Amino acid sequence: DASIRLRGPRTIARPAPAVRTIGRGSPGFAPLLVRDLLRCHPWSFVAATVDALQTDWERHLKRINAPTLVVWGERDAITPLAFGLEIAAIISGARLITMAEAGHNPMWEYAEAFNAEVLRFLADRDNAGI
């Protein structure tokens, strides 16, 4: 569930919906995020977020030539599933899986299911000799 700009201008929306989504959909994630924010300095976090949203990532994604798993929460209120579909289409041979009940942080919200998908992806690569 990347928050990146693929094509065209993308501005930063008001942060309140993102904060609500993270607080409600990912219990325990908000305190971890705040701790990390304070460790890296809030301005660094803001600058990195602005940079991520203002960079055109498509050319970078096209350069990926490794097996790639794109995981997306179907209930992501911050970045829509359409972004995940675009990312998977841009990266050659990428595989997209969606997690029906997950929001923006499937790796946190449904860690066990997320880990199982990642392990399955890695095992498939290993069995294929990749």
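The values are calculated or read from the model by the stated rules, or taken from the named source; none is laboratory data. The model shown is predicted, which means the values in this text are computed figures rather than measured ones. Surface accessibility is based on the protein's heavy atoms, side chains included, excluding ligands, DNA and RNA. Shrake-Rupley method; radii C 1.70, N 1.55, O 1.52, S 1.80 Å.
Odds and ends about this structure:
- Heavy-atom accessible area order for Ser44, Ser92, largest first, 1.4 Å probe: Ser92, Ser44
- Annotation: Arg75 carries an accessible surface of approximately 150 Å², with a 1.4 Å probe and no ligand, DNA or RNA atoms counted.
- Solvent exposure of Glu58, expressed as accessible area, is near 30 Å², computed with a probe of 1.4 Å over the protein chains only.
- Across q = 0.12 Å⁻¹, the range 55-130 modelled as identical point scatterers on its alpha-carbon atoms has Debye log10 I(q)/I(0) values of -0.35, in the order of the q list.
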